[in-house]
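Enquirer: After the structure tokens below, expect a handful of questions from me.
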Amino acid sequence: MPIERSDFFKEATMRICGNLEIENALHSLLLYLKDFIPVARMGLSYYNDTLRSMNIIAHANEEMGEKLDLIIPLPDDALKTGKSISKDSDVLLIKNPHQFPLSKHVMNVLDVTASSVLFLILRSKDKMVGNVIFHSVGEPKFTESHLGLVESLKDPMKIAMSNALKHREVLKLRDLLADDNKYLHGELRRLSGDEIIGANFGLKDVMKKGLSPAPCLKCAVDLKGQIKERFFLMKLENFRSRHRYAC
């Protein structure tokens, strides 16, 4: 379908940046791109030099988009191929993906096949930081005529990837703070003497009655003479409250 490059860029950018969730952005973009290129699947990934891996953070097909956190270790030949990609172009067309070490390894890990592959390379200060992968399945395949359209997506896709990674870090920090908060509350309860000494031994029968859903008045009477009534009941109520929410 013929289209002005500026109109294509505007519509594609709206689909990329108009979704808060990166998997929805990829899915929306793929459905739009199908009118112009034979794309069946897309994936967004970044490179981890320390782990020598490709980390896929989202992928999409015609049916849906899905958020991922998939780490794919790269063998030496795939790493060497990736690093040897020319800096003169940000789009790489792989006409025989099963013979190209990088695409071959990734397809084997994902258990998928493709008739041709496009890599949109995302760079920061001449360093490859990630890529968008486009797969065609069957006929037709990608051709050189598709490279210009795909390359125009470079800047909005870099922004989308950066935002997705920052959002992921925020969620990880939130979960970490929640765990720390839970641990600190537990420590405060422990240090404030919230535990009842003898709950599992001499006072086991009394605690069993105290933790029952509707303790009778006789239970309170039974407590007298074993420890001071008021102090014990305060502790027991606190203990019952914790036990109820823990369940």
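Every number here is computed from the coordinates shown, using simple stated rules; none is lab data. Just so we're clear, the structure is a prediction, and the values are computed from it rather than from any experiment. Ideal geometry is used to build each Cβ from the backbone, glycine not excepted, and the neighbour counts take in all protein chains shown.
Enquirer: So what J values fall out for region 158-175 if you push phi through Karplus, 6.51 cos²θ - 1.76 cosθ + 1.60 with θ = phi - 60°, rounded to Hz, Gly and Pro as x?
Expert: Computed from phi, the couplings for region 158-175 are 5, 5, 4, 5, 4, 5, 5, 5, 5, 4, 5, 5, 4, 5, 5, 5, 4, 5 Hz.
Enquirer: Something else: When you count, for each residue, the other Cβ atoms within 10 Å and take the mean per peptide, how do 174-182, 149-157, 9-17 rank with the highest first?
Expert: Result, highest mean Cβ count within 10 Å first: 149-157, 9-17, 174-182.
Enquirer: Over region 5-170, what is the mean sequence separation of C-alpha contacts under 8 Å (at least six apart), divided by residue count, expressed as relative contact order in percent?
Expert: So the answer I get is 23 percent.
Enquirer: Output ³J(HN,Hα) for region 28-45: one whole-Hz value per residue in order, computed from phi by the Karplus curve 6.51 cos²θ - 1.76 cosθ + 1.60 with θ = phi - 60°, and x for Gly and Pro.
Expert: Listing the rounded values in order: 4, 5, 4, 4, 6, 5, 4, 6, 10, 9, x, 8, 10, 9, 9, x, 10, 9 Hz.
Enquirer: State which entries of 67/125; 34/141; 87/125; 125/154; 10/158; 104/125 exceed 18 angstrom in Cα-Cα distance in the structure shown.
Expert: Distance filter (> 18 Å) returns 67/125; 104/125.
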